[in-house]
């Protein structure tokens, strides 16, 4: 009997399961008889079984490969690296992946599962095609490629808070939620997919946030066809730095953080495609009715609180200015019913800035000789140089002093009162957070 194999004639059946965590392992196997291949092993919870398949290669996104079912191993063999001197599987083994995998669905002839490696999401399907033959399909990215996830967001014009008129009847207002902009793909009988509009520099594909939320557990209604909506993923009462950290974490870590600090909620604020038709350029009065239909069929995709009447708008404005709104103090979004793109009204504006260097602390300050004075950067779509000295923690100042090259080339978000049109500089910039999704 070889290492980890109780009986070469035992092939355990695949248990039925859904939305569950199993043990997962991939081993590179340089077998004397079978040659170089990979072994994929899955351990259902509560068992000592390592359901096993041998595959010649690891398929990339959109690729398929043959997976040959192997005798069920002992789960204690998972993660093993070393030599098998003789017998079944003789050769050398190296474990290259050992972690939890998420089983979206399992039954005797099919397994849908995800691997979360770092910040990436890899989606796989195992489908039986014969007595021992299976097909391993890597379907990562196929949904967003088919539906053409938009890699842009509309540019909102700005209105000063003190210039907002509450008596315009053709306007609907909502609080500007402080979160992350994402698109949600709704397809008939398919799980909902959630993607950032930003493209990952690592993969070249939109960043997959589907499994950080609970929306992947919902299937699209047939009568909505192919629909794509824009949402703001936010946590009530938390600012975007908290949300950004959760969105840019490994899926398992993100869920853990949400259990401790609050769950991400999607607020639907725009619609791109409705029942297979492009509608992003329609007036808001029409899009609002479409979104109301979406939320009636998928209640988890809520509309943000909307202020229709003059009294409701006055109350919203007062709460934003006083900082007493329960969801945000960012500002107000103004939807003009006869226009497709809304307006924003904020007490401060957000800007993305590329760090180009640092500047020294002022002589005589507590940071002189041990920390930076701040970052030098260039705002997005500008050639201007700005100095960001406010909002940086002492810890970050000292880390950047010791290793400035670590931060050069990183994107950060800053708040400022305005951006000057002629110079491109930002008035009173304050550091907020690193924009991890811009370079991950």
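The values are calculated or read from the model by the stated rules, or taken from the named source; none is laboratory data. Only a predicted model underlies this, so the values are computations on that prediction, with no experimental measurement involved. Here Cβ is always computed from backbone atoms with ideal geometry, including for glycine, and neighbour counts include all displayed protein chains.
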* Kindly list, by first and then second residue, each pair from a residue in the stretch 404-427 that is outside the structural domain of residue 180 (by TED's automatic domain parsing) and farther than 23 Å from residue 330 by Cα to a residue that is surrounded by 16 or more Cβ atoms within 10 Å (Cβ to Cβ) and modelled with pLDDT under 90, limited to pairs with Cβ atoms under 9 Å and residues at least 6 apart or on different chains. => 407/434; 410/434; 410/435; 410/436; 410/438; 423/382
* Provide a single number: the residues in the stretch 270-284 that are crowded, with 20+ Cβ neighbours inside 10 Å and either under 19 Å from residue 148 (Cα atoms) or free of Cβ contacts under 8 Å to residues at least 40 places away in the same chain (or both). => 5
* Sort out for me the strands (runs of 3 or more DSSP E) sitting completely within the stretch 16-86 that have 1 or more residues that are surrounded by 15 or more Cβ atoms within 10 Å (Cβ to Cβ) and at pLDDT 95 or above. => 17-31, 35-43, 49-55, 64-74
* To do: Could you pull out the residue among 238, 253 that is over 12 Å from the mean Cα position of the chain (by Cα), surrounded by fewer than 17 Cβ atoms within 10 Å (Cβ to Cβ) and not assigned by TED's automatic domain parsing to the domain that holds residue 431?
  => 253
* Count of residues meeting criterion [assigned to a strand (DSSP E or B) and either free of Cβ contacts under 8 Å to residues at least 12 places away in the same chain or closer than 16 Å to residue 113 by Cα (or both)] in the stretch 187-244 -> 3
* Asked: Checking residue 329 against (1) in a strand (DSSP E or B); (2) touching a helix residue (DSSP H, G or I) at 6+ places or on another chain (Cβ under 8 Å); (3) under 30 Å from residue 281 (Cα atoms), which single condition isn't satisfied?
  -> (1)
* Structure fact -> Note on the stretch 256-265: residues buried (at least 17 other Cβ atoms within 10 Å of the Cβ) and not in a helix (DSSP H, G or I) are 264, 265
* Structure fact -> Subset of the stretch 358-392, residues buried (at least 16 other Cβ atoms within 10 Å of the Cβ) and in contact with a helix residue (DSSP H, G or I) (Cβ under 7 Å, 6 or more places away or on another chain), comes to 358, 367, 371, 372
* Structure fact -> Scanning the stretch 360-382 for residues that are within 16 Å of residue 408 (Cα to Cα) and either under 30 Å from the mean Cα position of the chain (by Cα) or not assigned by TED's automatic domain parsing to the domain that holds residue 419 (or both) gives 374, 375, 376, 377, 378, 379, 380
* For residue 93, work out the one condition from (1) part of a loop (DSSP other than H, G, I, E, B); (2) modelled with pLDDT under 95 it doesn't fulfil. => (1)
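To keep it simple, each residue is scored yes or no on (1) modelled with pLDDT under 90; (2) more than 16 Å from the chain's Cα centre (by Cα); (3) outside the structural domain of residue 284 (by TED's automatic domain parsing).
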| site | (1), (2), (3) |
| --- | --- |
| 181 | no, no, no |
| 184 | no, no, no |
| 189 | no, yes, no |
| 199 | yes, no, no |
| 205 | yes, no, no |
| 209 | no, no, no |
| 216 | no, no, no |
| 232 | no, no, no |
| 242 | yes, no, no |
* Identify, please: which residue in the stretch 120-148 is under 19 Å from the mean Cα position of the chain (by Cα) and exposed (fewer than 13 other Cβ atoms within 10 Å of the Cβ) and is, among those, modelled with the lowest pLDDT? -> 146
